[in-house]
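Input: a single structure, listed below in structure tokens.
Laboratory data are not the source of any read-out in this text; all were calculated from the coordinates shown. Bear in mind the structure is a predicted one, so any value in this text is a computation, not a measurement. Every residue, glycine as well, gets a Cβ built from its backbone with ideal geometry; the counts of neighbours run over all protein chains shown.
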Amino acid sequence: MNYREKIKDKKRIIIKIGSSSITHPETGAINLTKLEILVRELCDIKNMGKDVILVSSGAIAVGRQAIGFHHRPKNVAEKQACAAIGQAQLMMIYQKLFSEYGHQAAQVLMTKNTMIDNLSRRNATNTFEELLALGAIPIVNENDTVSTYEIQFGDNDTLSAIVAALVGADMLILLSDINGLYTDDPRKNPDAEFIDIVESLDDHLMSMGKGSGSDVGTGGMATKLSAAKIATSSGADMVIANGDDFHVIHKILQGEKIGTFFHENAKEDFYLIDVLENEG
Ligand code: GLU
């Protein structure tokens, strides 16, 4: 069975990009060329008649740059201040770029404690449905300015999988600074082999994602695999690919063999509330 071919028929797609994919590694400043390509790709998915939701990291990275921090924000207040500045800047750029292609970007900031609340979660689902019905492109991030360590999603890999489950997406694409899943860490083991397709996430595979990579994001392979577990159990296929060139988005959606593909494995007893209460 060609799983990749079937991606062409996906109707509701979540795309998650990491902070390292939208900033210049040399300076930490925002990479406008890449953002421009990202937005054009997403607008084109809309033009195909599909629903698209962007989960964008980068609030803290962009805010840190705006303030002139050369270090990672150390404490919670510093981090939250950076996020407050960076999130607004990021949305300003997104709004501008999306409107150039005639599309509306909408900001959705989420926290874990509002998602645990049944009424808030239902409201969030209704808002997403309404935004999509209106033809808007929701841009999601964690509400870093108010979430605190104990109750945060912590990383946008997990958040994007939760959004996928919340809106019943059929496809989640995680773009970061890694190519996909290997049998071992390819930076340390030259014999590590790339894994093209994962049909089911067993314990052995789950244990493969040790160690993180970059200086700006929070998610390593472990968080990507736990995101894969959530997304596939909720019924969405998932691809992890390198976000170095955002043109991969339309290539993935055309069924090209890019990144690692995780086949959906919808569980009858999948309840988002269980995930929210047990995760993190
Ligand atoms: N919410 C964080 C930010 O926008 C990013 C978290 C993550 O990259 O996983 O900076």
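Can you confirm whether residue 90 is surrounded by 16 or more Cβ atoms within 10 Å (Cβ to Cβ) and within 16 Å of the ligand (Cβ to nearest atom)? Against the criterion (surrounded by 16 or more Cβ atoms within 10 Å (Cβ to Cβ) and within 16 Å of the ligand (Cβ to nearest atom)), residue 90 qualifies.
Tallying residues that are of a type in the set (Lys, Arg) and either closer than 8 Å to residue 145 by Cα or touching an Asp or Glu at 6+ places or on another chain (Cβ under 9 Å) (or both) within the range 70-87 yields 2. Look through the range 22-55, keep the residues that are of a type in the set (D, E, K, R) and assigned to a helix (DSSP H, G or I), and return whichever of them is nearest to residue 91 (Cα to Cα). Looking at the filtered set, the residue picked out is 36.
If you check residue 9 against the conditions, is it more than 15 Å from the ligand (Cβ to nearest atom) and either surrounded by 15 or more Cβ atoms within 10 Å (Cβ to Cβ) or among the aliphatic types (A, V, I, L, M) (or both)? It is false that residue 9 is more than 15 Å from the ligand (Cβ to nearest atom) and either surrounded by 15 or more Cβ atoms within 10 Å (Cβ to Cβ) or among the aliphatic types (A, V, I, L, M) (or both). Scanning the range 56-87 for residues that are part of a helix (DSSP H, G or I) and either basic (Lys, Arg) or near the ligand (Cβ under 10 Å from one of its atoms) (or both) turns up 59, 60, 61, 62, 63, 64, 79, 82, 83, 86, 87.
When you scan the range 127-186, how many residues do you find that are touching a helix residue (DSSP H, G or I) at 6+ places or on another chain (Cβ under 8 Å), surrounded by fewer than 22 Cβ atoms within 10 Å (Cβ to Cβ) and closer than 18 Å to residue 260 by Cα? Counting residues in the range 127-186 that are touching a helix residue (DSSP H, G or I) at 6+ places or on another chain (Cβ under 8 Å), surrounded by fewer than 22 Cβ atoms within 10 Å (Cβ to Cβ) and closer than 18 Å to residue 260 by Cα gives 1.
Residue check: is residue 109 within 16 Å of the ligand (Cβ to nearest atom) and surrounded by 19 or more Cβ atoms within 10 Å (Cβ to Cβ)? In short, no.
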